[in-house]
1. Can you list residue pairs whose Cβ atoms sit under 8 Å apart, with the first residue in the range 388-403 being more than 9 Å from V455 (Cβ to Cβ) and among the polar types (S, T, N, Q) and the second being more than 10 Å from the ligand (Cβ to nearest atom) and outside any helix (DSSP H, G or I)? Count only pairs 6 or more apart in sequence or on different chains.
2. Would you call L527 assigned to a helix (DSSP H, G or I), away from the ligand (no atom under 16 Å from the Cβ) and at pLDDT 95 or above?
3. Return yes or no: is K58 assigned to a loop (DSSP other than H, G, I, E, B), free of Cβ contacts under 8 Å to residues at least 24 places away in the same chain and farther than 28 Å from S243 by Cβ?
4. Considering only the range 556-572, state which residues are under 21 Å from L462 (Cα atoms) and out of contact with any Gly (no Cβ under 7 Å at 6 or more places or on another chain).
5. Could you list, in sequence order, the residues of the range 77-125 that are charged (D, E, K, R) and over 20 Å from A184 (Cα atoms)?
6. Going by what's in this entry, would Q513 be described as surrounded by fewer than 18 Cβ atoms within 10 Å (Cβ to Cβ), away from the ligand (no atom under 16 Å from the Cβ) and either at pLDDT 95 or above or farther than 22 Å from A556 by Cβ (or both)?
7. Just a yes or no: is a residue in the range 435-446 modelled with pLDDT under 95, more than 16 Å from F506 (Cα to Cα) and near the ligand (Cβ under 7 Å from one of its atoms)?
8. Identify, please: which residue in the range 483-506 is within 27 Å of the chain's Cα centre (by Cα), modelled with pLDDT of 95 or more and assigned to a loop (DSSP other than H, G, I, E, B) and is, among those, nearest to the ligand (Cβ to nearest atom)?
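The values are calculated or read from the model by the stated rules, or taken from the named source; none is laboratory data. Small disclaimer: the values here were computed from a predicted structure and weren't measured. So basically every Cβ, Gly included, is an ideal-geometry build from the backbone, and we count neighbours across all protein chains shown.
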Amino acid sequence: MEIKTVGVVGCGLMGAGIAQTIAEGGYATIVREPTQELLDKGLGRIRDFLAKGVEKGKVSPARRDEVWARIKGTTDLAGLGDCDLIVEAIVEVRDAKRALFADLDRACKPGAILATNTSSFKVADFAAATQRPKLVAGLHYFFPSVINKLLEVVRTDATAPDAIDALMNFARLTGKLPILVRDAPGFAVNRYFVPWLNESVRLLDEGVANIPTIDAAARDAFNIGMGPFALMNATGVPIAFHSAASLHESLGNFYAPAPGLRKQFDSGKPWEIVGDEDASRKPAVADRLQGVVFGIAARLVEEEVASVEDTERGALIGLRWAKGPFGMMNDLGIKRAHKLVERIEKQCPGFAPKLLRTQATRGEPWTLRDVRLSIEGQIASITMSRPEALNALNGKVLRELKETLAAIRANREVRVVILTGEGDAFVAGADIKEMQQLAAKPAAIRAFTAFGHRVMRDIETLPQPVIAAINGFALGGGMEIALACDIRLASSSARLGLPEVGLGIFPGFGGTQRAARLVGRGAASQLIFSGDPISADEAARIGVVNRVVPPAALMAETRKLAARIASRAPVAVAKAKAAIHASQQLPLDQGLQVELDRVCEAFATQDRVEGMQAFIEKRKPVFTGQPPKRKARRARA
Ligand code: CO8
């Protein structure tokens with residue numbers, strides 16, 4: 001499912017931002033409003049956003065013109081007939097959206113995906129208005145949609161996996177960090193964020209604390225810049241009220257808007273944030289707000305609306321919280337977190353999810369992985385998934401990478417490994433903030449660095465070939481990971497470099513050794529001494545990367561190459577890898593000896609028999625990767 005042209009229906013504040021983001025991602029974008037007047041207004045919004053970007057020096061005039069040139073307008077739904085994806089972003093009125101989906105179904109070409117930006121309705125309701133429920137999904141953007149990187153990709157029970165894959169890929173190419181969520185009320189983030197706002201009003205209604213105290217307690221407990229009341233004033237009390245009412249409709253009484261929220265909404269005024277903070281009331285406020293968030297987040301996972309990691313990322317990226325619900329529970333201790341939820345359970349029976357009880361009984365923290373492994377057939381994909389810090393390598397990430405590599409090493413089914421990063425970076429280096437803390441203890445920094453060495457070695461010595469799919473920044477330790485891989489493909493937008501000397505250190509995860517071996521002393525010295533990042537094209541020119549491909553094609557091209565390698569004789573490939581590595585370390589005579597030994601071993605495999613037999617019989621070989629049975633070998637000999 002290739003997405004090239006995208007339609008956006010509705011060009012209000014949200015729709016205009018969505019259209020701009022899509023055009024910035026390089027897609028031909030067609031905006032639709034029903035009248036010329038509304039269309040001109042909507043396009044004017046995008047033009048103004050872009051102009052503001054130039055004024056602030058964030059966008060160059062050339063980039064503004066390039067993005068603007070990709071955007072066209074239409075007043076007729078037929079104008080979207082050739083789009084591969086249409087994103088609906090009209091007013092949040094269920095019947096209007098349903099009618100639009102029925103119309104879009106008739107106007108758009110058969111394979112087009114229809115997506116809704118709804119935040120409060122069931123996506124399946126709109127899918128039911130079409131003849132193509134497999135191609136209907138949600139794309140829930142967060143305000144402001146040009147800046148906020150979070151995007152909830154919503155799947156209904158009917159959405160085809162191919163459509164979801166295409167949307168996840170599309171989201172990434174438009175600079176978003178997608179999380180996959182099930183079609184459930186509030187999806188992942190609003191399901192706990194809106195009750196968090198609502199609970200703050202309940203605390204006020206109950207007289208637990210005044211507004212400044214509640215805001216201050218929330219800022220401290222969640223390590224955020226704005227408390228719930230200040231936030232409601234910034235985004236609008238009506239949005240908070242309508243969102244709470246919508247969750248109440250489908251999820252029951254706990255979610256009902258607090259009386260004070262309804263009253264404030266009716267008044268049409270923002271909250272008055274006046275009064276003195278009362279420090280003695282803050283713990284009670286923090287406990288309640290955390291209890292609400294913890295209970296709902298655990299229930300989301302229990303109901304399989306989203307994974308632990310995606311729910312966490314929703315808070316980190318979408319809400320800019322320093323920790324998400326699960327990270328906070330781990331910090332607080334799972335038993336204490338459970339206690340806070342049980343206190344709410346006493347007032348609202350049925351609130352506490354079983355999953356949290358089980359976790360608390362076991363006394364285990366939540367597992368939050370920053371390194372993800374997926375295995376499809378014979379290809380394993382490792383994704384560095386700490387996008388909120390550009391996948392920077394802290395101790396936890398390095399440990400997870402090591403464990404993941406060990407699992408792949410032990411898996412005989414896996415023939416090729418792809419290593420890539422989530423978001424804007426492949427890996428932006430070792431975690432500078434963590435290194436800064438470790439730096440006080442020389443033994444600790446030495447241990448960290450030595451551990452990094454071992455992880456790079458694990459990549460290098462994996463029997464399976466490893467392809468780095470360099471999707472963005474590959475800096476410092478990130479470039480060193482790429483150097484430890486066997487093959488490097490880079491997106492044309494990637495930036496590579498070894499900037500460590502700018503921090504007062506130099507590449508310490510093997511960069512001095514592997515860069516010099518790969519590109520020679522001169523080019524390596526320039527990279528390391530200047531610290532200047534280079535473009536993907538320059539990296540290809542000096543031999544750091546094998547090939548540069550357009551961003552949209554990176555993963556497809558990497559998978560194609562991986563599949564080609566996976567189709568070859570796996571033992572022969574592994575032995576060739578060992579021989580190539582020997583060439584980097586041994587004098588020629590000894591290297592040739594390694595080659596001789598390894599190639600003789602390859603000759604003795606069942607795959608050699610199969611490969612040569614298949615050539616003679618003019619058929620495709622079927623390689624098993626198994627050594628020959630002794631008897632069979634003797635019989636053939
Ligand atoms: N460590 C920790 N956090 C990082 C790192 C990093 N390496 N890179 C990015 N981040 C964080 C940022 O702090 C920021 O977090 P927050 O939002 O909380 O402020 C978030 O990621 C997003 O980053 P930016 O806002 O900076 O994003 P930009 O798009 O503006 O800039 C850059 C992107 C240019 C990549 C910029 O982030 C950058 O320069 N990062 C640092 C790159 C670097 O210097 N890497 C080398 C690190 S040192 C190293 O790798 C040594 C390895 C060997 C260790 C041996 C020890 C002896």
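1. N391/D370; N391/M384; N391/S385; N391/G421; N391/E422; N391/F426
2. So L527 fails the test.
3. Yes.
4. T558, R559, K560, L561, A562, A563, R564, I565, A566, S567, R568, A572
5. Matches in the range 77-125: D82, D84, D103, D105, R106, K109.
6. Answer is no for this residue.
7. no
8. Here the residue is L498.
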